[in-house]
Amino acid sequence: MSWGVALRNAVGLGLGGIPSVLNAPPYANLALNFLSGALDPRITFTRASNATLIGSNGLIQSAAVDAPRFDYNPTTLAPLGLLIEEQRTNLLTYSEQFDNAAWVFGTSAAISGDTTTAPDGTTTAETITFSGAANGVFQSIACSSSTAYTFSLYVKLGTMAAGDYKIAIYDNTNAVFIATDIVPTQTPSSTAWTRVTYTFTTPATCVSVRAYCFRNSSSVNTTVNVWGAQLEAGIFQTSYIPTVDSQVTRAADSAVMTGTNFSSWFNPVAGTMFAEAQQPVLFALSRAAASLNNGTNGQRMTLFRRLSGNTISVYIAPGVGTVSSGIAA
């Protein structure tokens, strides 16, 4: 989730472009515009690991431990705000090195390493050449049964037609495909990198899967470039987590304002909460954009997207309830 804040009177949240003073004194007001690419010093930001982001040049970059990530649209280069994500683990190893033995190739597939410029600007992307049937390329990993996973991969077509690029997920435990000949929702091209994604749920007895970065049951004679494979537990993809010889976990982001940094402007009697946030997909889970609380669940006010539909609601501490206040764009 990328987001920005504009706080006034009591509190509000937005992506920017909101006046800093919408209520005349004596009301408190505060404006925080994360589209500026700077974090207000009153906010404490933490993350216990490195993490990636899309920089202002459209390339994937790495942010150090506890460094906030100001994300950008990779195509338009428009600022998206402060990137806040939950903890995730990339279960695939050698996420950029498809010529490593961790990746298994069908008899008609061959790999050429470090052939072209990758989404991070380095010459680390690989080219896979196919010359017939039995053309799958996969990696097997242990998984949990009855669990949602999301597979993602950066793809740039070589001589391959967009309609020929397909992926698959295989249940190693039960020796059956969970899904095969999947045409990704995101259509790859030969002119730019496209991150294709697919979300699936493992069967009740499945404890091992194959994630195919390419599998077309028909015979193909063509090439495709690949980079940045990721398999993570969850119903949506998150920012890319590079791996080498082991799985890697990206810690959760946390941005909080506490103590006098908060009390110096907060009006405890009356105020307005406003939020404008951006998330990659409509989640099947409620997602909070902002919360005012005392560190417990007993005293809090949270602005969130409801479990069902696009309704934006305010949750007030137990005993007060939930009030629907608008429809998300």
query = Which net charge results for the neighbourhood of D181, defined as the other residues with beta-carbon distances under 9 angstrom from its beta-carbon, given Lys and Arg at +1 and Asp and Glu at -1?
reply = +2
ask   = log10 I(q)/I(0), Debye, Cα-only region 23-134, no solvent, q = 0.19 Å⁻¹?
value = -1.08
message = Please report the net charge: other residues with Cβ closer than 14 Å to the Cβ of R195, K and R +1, D and E -1.
response = -3
ask   = Cβ under 14 Å from V256's Cβ, V256 left aside: what net charge do those residues give with Lys, Arg +1 and Asp, Glu -1?
value = 0
remark   = Using alpha carbon centers only, region 157-199 is separated from region 59-80 by a whole-angstrom value of 26 Å
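Please report the carbon-and-sulfur percent of the accessible area for region 130-267; probe 1.4 Å, protein heavy atoms only, DNA, RNA and ligands left out. Please list the in-between numbers first.
Values: 2770 of 5340 Å².
Of the solvent-accessible surface of region 130-267, carbon and sulfur hold 52 percent.
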note = In Å², rounded to a whole number, the accessible area per residue of region 79-185 with probe 1.4 Å is 38 Å²
message = Rounded to the nearest 10 Å², what accessible area does T173 have for a 1.4 Å probe in the complete protein model?
response = 60 Å²
query = Which value, in Å² and to the nearest 10, is the accessible area of T260 when all protein chains are kept and the probe is 1.4 Å?
reply = 110 Å²
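The values are calculated or read from the model by the stated rules, or taken from the named source; none is laboratory data. Quantities reported herein were computed from a predicted structural model and do not represent experimental measurements. Virtual Cβ from ideal backbone geometry, glycine too; neighbours counted across all protein chains shown. Note: accessible area is taken over every heavy atom of the protein model, side chains too, but ligands, DNA and RNA are not part of it. Shrake-Rupley method; radii C 1.70, N 1.55, O 1.52, S 1.80 Å.
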